[in-house]
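To keep things clear, I will list the structure first and then write my remarks on it.
What follows is calculated from the coordinates using simple rules that are stated; it is not laboratory data. Computed from a prediction, not measured in an experiment: that's the story for all the values here. Cβ atoms come from the backbone with ideal geometry, glycine included; neighbour counts cover every protein chain shown.
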């Protein structure tokens with residue numbers, strides 16, 4: 001579980017300078033590449049880890065979560081562009097990520113992932129309702145997901161090393 | 001009445017602790033290796049091997065022995081019959097719990 005947390009946590013924090021310095025277009029491009037690539041790396045990580053520890057699990061639930069994240073983010077971005085609502089383009093993908101995290105949490109029975117998905121979803125919906133600046137939404141969601149994900153991910157690594 | 005008692009739905013091959021544990025692990029996975037099962041179920045090599053033989057004889061698991069990086073490795077996967085037997089066992093246990101609670 002630590003790998004997707006650290007990977008997507010780092011990517012979320014990395015997306016903040018992208019949107020601040022390069023703008024929303026580059027931000028969307030960043031996630032368009034980083035999201036699917038990160039998802040595939042995560043699937044590869046679980047496959048290799050399963051083989052190493054001696055327990056191979058079905059890949060389908062993780063692929064479904066990946067499809068939900070990628071398709072949800074793509075639809076939100078496209079709809080936001082069509083109706084000229086950049087806030088939706090920025091706030092929609094994190095909601096898709098939260099939905100995907102919930103699917104992975106169910107599969108891995110991870111309470112931490114449920115909390116993380118809840119935090120991301122709540123912050124995102126709150127910002128969508130209250131904030132008019134898309135860049136501010138992107139930055140806040142980047143922090144709201146990135147910091148807890150890195151903290152939880154590092155905590156999991158620390159606990160594994162202590163055992 | 002006794003013929004409909006939930007305990008009659010329990011399968012002696014599946015119900016034993018280690019064998020139930022093996023099928024429980026395999027029900028949630030594609031396959032598991034011998035070492036993982038041994039450590040997870042806290043049994044000895046010989047004990048696990050004996051129970052795997054029983055399950056294999058009943059057609060509930062398939063055992064694949066191979067060399068990986070020049071080391072022997074034994075993978076175990078549940079057959080369709082094994083998954084079905086495990087599901088029936090859980091259903092029987094649920095029925096028993098409902099009856100006695």
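Quick notes
- Mean projection area, nm², convex hull over Cα of the range A:76-124: 3.1 nm²
- Computed on chain B, with alpha-carbon pairs under 8 angstrom and 6+ residues apart, the relative contact order is 37 percent.
- For chain B, calculated [θ]222 nm from helices alone, where every DSSP H run of n ≥ 4 adds -39500 (n - 2.57): -17500 deg cm²/dmol
- Kirkwood-Stokes translational diffusion coefficient of the protein assembly as shown, alpha-carbon pairs, 25 °C, 0.890 mPa s, µm²/s: 116 µm²/s
- With respect to chain A, whose longest principal axis is taken over its alpha-carbon atoms, helix A:2-17 is tilted by about 20°.
- Degrees separating the helix B:80-100 axis from the principal Cα axis of chain B, which is the longest one: 40 degrees
- Relative contact order, percent, chain A [alpha-carbon distance under 8 Å, six or more residues apart]: 33 percent
- Scattering profile of the range A:1-68 at q = 0.20, 0.23 Å⁻¹ [log10 I(q)/I(0), Debye over alpha-carbon scatterers]: -0.83, -0.98
- Using the Cβ-Cβ distance between residue A:143 and residue A:47 with R0 set to 35 Å, the FRET efficiency from 1/(1 + (r/R0)^6) comes to roughly 0.70.
- With Cα atoms, 0 to 90° folded angle of helix B:45-57 axis to chain B main axis: 60 degrees
- For chain B, the spherically averaged projection of the C-alpha convex hull amounts to 7.2 nm².
- Taking the helices alone, chain A has a mean residue ellipticity at 222 nm of -30500 deg cm²/dmol, built from -39,500 (n - 2.57) per DSSP H run of at least 4 residues and averaged over all its residues.
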